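Computed from the coordinates by the stated procedures, all read-outs in this text should not be read as laboratory data. No experiment lies behind these values; they were computed from the predicted model shown. With ideal geometry, Cβ positions are generated from the backbone for all residues, glycine too; neighbour counts draw on all protein chains shown.
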Amino acid sequence: MPTAAEELLRFDPPPQLAIRRFAVADVDIGGTTVPAGDTVMLSLASAHRDPDRFTDPDALDLTRDPNPHLGFGHGPLFCLGVGLARMEAETGIETLLRRFPDLTLDVPANDLRRRPSFRNRGLCELPSSSERGFSTKSREPRVRLVSPRKPAAREAANPRPSERHLGGLNPSELAQEQQHTNQLRGGRPR
Ligand code: HEM
């Protein structure tokens, strides 16, 4: 999972551009002079497709290693939240796929809608289905995701609690799931 999360950040990074830079003196970059005072927009997305840095840069390779991408920037402005962001991505994707291994898209991939932002790309929604849990095809989820700490709300949302537990999990699966999530929360050094 760690290499997959890194490759997704390289292949389709949410921030396409780094934080704006301002030239404090004339600076030569690859044969082009940026005059002092000019604003410089650095394209992370473009750097990620640099064939001098990445083998077969237009291919999504979830096992790519090493992966010297700039998804969290570089240098003095390197992302302060990198540890949290990596943990969230790895834990979120891993848990989603473990809990809903049959997860499938409800629409053709080309019909997915993106937020109207070039700076911070992302999907508006991810219409998807799982036999274990839900379908976005219908407005009514097969199982409602309700906090296990609120049993009354859970039972109200799921008329037959014996068959309809959180995310399609029975109580013992749910306990295992929580134990696994707690282990992941323990984190590992980066
Ligand atoms: C997947 C999630 C994230 C991505 C892809 C991301 C990416 C980036 C990028 C590209 C930069 C700019 C680097 C540059 O211009 O050189 C940045 C800066 C920054 N990020 Fe993140 N970030 C993420 C999550 C977070 C989180 C969760 C936090 C805080 C909890 C955070 C806090 C910051 C801060 C404070 C800066 C500015 C650092 C500075 O100016 O010194 N980021 N991030």
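Summing +1 for each Lys or Arg and -1 for each Asp or Glu, what net charge is found among the other residues whose Cβ lies under 13 Å from the Cβ of residue 57? Please list the in-between numbers first.
On the way: positive: 10, 49, 53, 64; negative: 7, 12, 50, 52, 56, 58, 61.
Its environment carries a net charge of -3.
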Quick query: amide H of residue 27 versus all other amide H atoms, modeled in the peptide plane; which residues come in under 5 Å with a sequence gap of 5 or more or a different chain?
34, 36
Each residue of segment 63-75 in order: what ³J(HN,Hα) in whole Hz does its phi give by Karplus 6.51 cos²θ - 1.76 cosθ + 1.60, θ = phi - 60°, with x for Gly and Pro?
9, 4, 6, x, 9, x, 6, 10, x, 10, x, 7, x
Surrounding net charge for residue 3, when Lys and Arg each add one and Asp and Glu each subtract one, Cβ distance under 12 Å:
-2
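Residue 115: net charge of surrounding residues, Cβ under 11 Å, Lys/Arg +1, Asp/Glu -1, itself excluded?
Numbers: positive: 113, 114, 119, 121; negative: 125.
Once positives and negatives cancel, what remains is +3.
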Could you give me the ³J(HN,Hα) list for segment 23-38, computed from phi with Karplus coefficients 6.51, -1.76, 1.60 and θ = phi - 60°, whole Hz, x at Gly and Pro?
6, 8, 8, 4, 9, 9, 10, x, x, 10, 8, 9, x, 3, x, 6
Would you please give the residues with an amide H less than 5 Å from that of residue 121, counting only those at least 5 places away or on a separate chain, with H modeled from the backbone geometry?
16
For segment 86-102, Karplus-derived ³J(HN,Hα) couplings (6.51, -1.76, 1.60; θ = phi - 60°; whole Hz; x for glycine and proline) come out as 5, 5, 4, 5, 5, 5, x, 5, 4, 5, 4, 6, 6, 6, 10, x, 9
